[in-house]
Amino acid sequence: MIQSMTGFGKHVIQLPTKKITVELKSLNSKNLDLNARMPSAYREKELELRKSIASSLVRGKVDFGLYVESTGAESSSQINEEVIKNYMSQLKTIAEGDDLRLMEMALRMPDALRTDREDVSDEDYKTIVIALKEALIEINKFRSEEGSVLEQDFKERIVVLEELLAQVVAIDPERQTDVRERLEKAVADLSAEVDENRFEQELIYYLEKYDITEEKVRLANHLDYFTKTLNSEDSNGKKLGFISQEIGREINTIGSKANYAPMQQLVVQMKDELEKIKEQMLNVL
C-alpha cells in the first residue's frame, strides 16, 4: 500500500482556560522539510515535537502549526501603561482628537501590550502531545487515501504498458522481415555486384544489432517488479522511482533499435504513459 506525501491533519482540544489546536499540512519533497510555527513560550518543546512528526511522516514538505488560544479569564498580556501614555502625549502634538481616539491609535503602536512569558506546564504539554498524535493519525489517513488513488492510477497505466509491449512483441517478426526486405532492395538497386555470402553475413550482423529480444524480456520483468513493489506493505516511492527509470531505459532502447514506424509509434505511446507515471511518482512517500 503506497502513501501520498500530500496530506492534512488537524486536532483541537478545549481546556478550561485554553484552546489548543495542532495543524499539519504536507506536500511532496525529496526529504523531510519541516517548518514549525508555534508560540515562543512553547519553543523549548520544539525538538521533541519535531522528532514525533519526523518518525511518523518520514518525507515531505511539512508545515506544523501549534496554536494556543486563551479562552478563560486569565491572560498573559497586560497594557503597558507608561508606553501608552507616552504615545498619546506624542500624538497630541501632531494630531487633534479626544483621549479615547488617541488611545485607540496608541494601542496599535509597538509594545503597547506587554506579554509575560509563561512556562509550559506538564499538563499543557501532555495535551499538546495528544493533539499532535491525533493530527498525525488524520494526516496519515489522508495520505493513505490519496495513495490508494495513485495506486489505482499506476496499476491502470502499467496494464496499458503491458498491452503496448504485447503489441511490440507481436509486430517484431514483421519488423525484422521489413528491415530485411528494405536492405535487400537497397542492394538490388546498386549497379555493382555484391558477394552474396558477404551480404548475408552483414545482414545477419545488422539484424542482430537491432534485435530487441533482451529489451522485451527486461521490460516485462521491470513492469512485473513495479507491480509487486506497488503491492508490498511498505510505501517506497524512491524504489518505484528507480524501477520507473529502468522501464524508461528499456523503452528508449527499443525505440532506438526499432527502425520501423509502427513500432516507433507504440514506443511513443509507452513513453507517454511512463511520463504520466513519473509525474505522479513525485507525490509517493
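The values are calculated or read from the model by the stated rules, or taken from the named source; none is laboratory data. Remember, it's a predicted structure, so these values are computed and weren't measured experimentally. All Cβ positions, glycine included, derive from the backbone under ideal geometry; neighbour counts span all protein chains shown. Side chains are part of the model used for accessible areas, which takes the heavy atoms of the whole protein and leaves out ligands, DNA and RNA. Shrake-Rupley method; radii C 1.70, N 1.55, O 1.52, S 1.80 Å.
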Alpha carbon centroid spacing (whole Å) that separates segment 128-180 from segment 32-62: 31 Å
Peptides ranked, highest mean first, by Cβ atoms within 10 Å: ranges 1-8, 127-134: 1-8, 127-134
Whole-Å distance, taken between Cα centres, linking segment 203-226 and segment 230-255: 17 Å
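Would you mind classifying segment 211-285 by shape? Square roots of the alpha carbon gyration tensor eigenvalues, ordered a ≥ b ≥ c; an a/c under 1.5 is rounded, otherwise it is prolate if a/b is larger than b/c and oblate if not.
prolate
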Gyration tensor (alpha-carbon) shape descriptor, segment 1-111, a/c threshold 1.5: prolate
Mean Cβ count within 10 Å, highest first, over the residues of peptides 242-253, 80-91: 242-253, 80-91
Label selected from [x] 6, 19, 16, 14, 12, 10, 8, 6, 4, 3, 1, 0; [y] 7, 32, 41, 19, 1; [z] 6, 22, 26, 23, 14, 7, 2, 0, the criterion being P(r) over Cα pairs in 10 Å bins from 0, in percent as computed here: [x]
Too-long pairs where the Cα-Cα distance tops 23 Å, listed order kept, from K155/K257; K228/K271; K133/K239; K51/K228; K45/K239: K155/K257; K133/K239; K51/K228; K45/K239
Average accessible area per residue (Å²) across the chain - probe 1.4 Å, nucleic acids and ligands excluded: 61 Å²
Over the chain: helical MRE at 222 nm, DSSP H runs n ≥ 4 each giving -39500 (n - 2.57), nearest 500: -21500 deg cm²/dmol
Accessible-area composition of segment 148-285, carbon plus sulfur, in percent [1.4 Å probe]: 50 percent
Cβ-based net charge around R59, under 11 Å, with every Lys or Arg adding one and every Asp or Glu removing one: +3
Value of relative contact order over the chain, rounded to a whole percent, pairs C-alpha under 8 Å and six or more apart: 26 percent
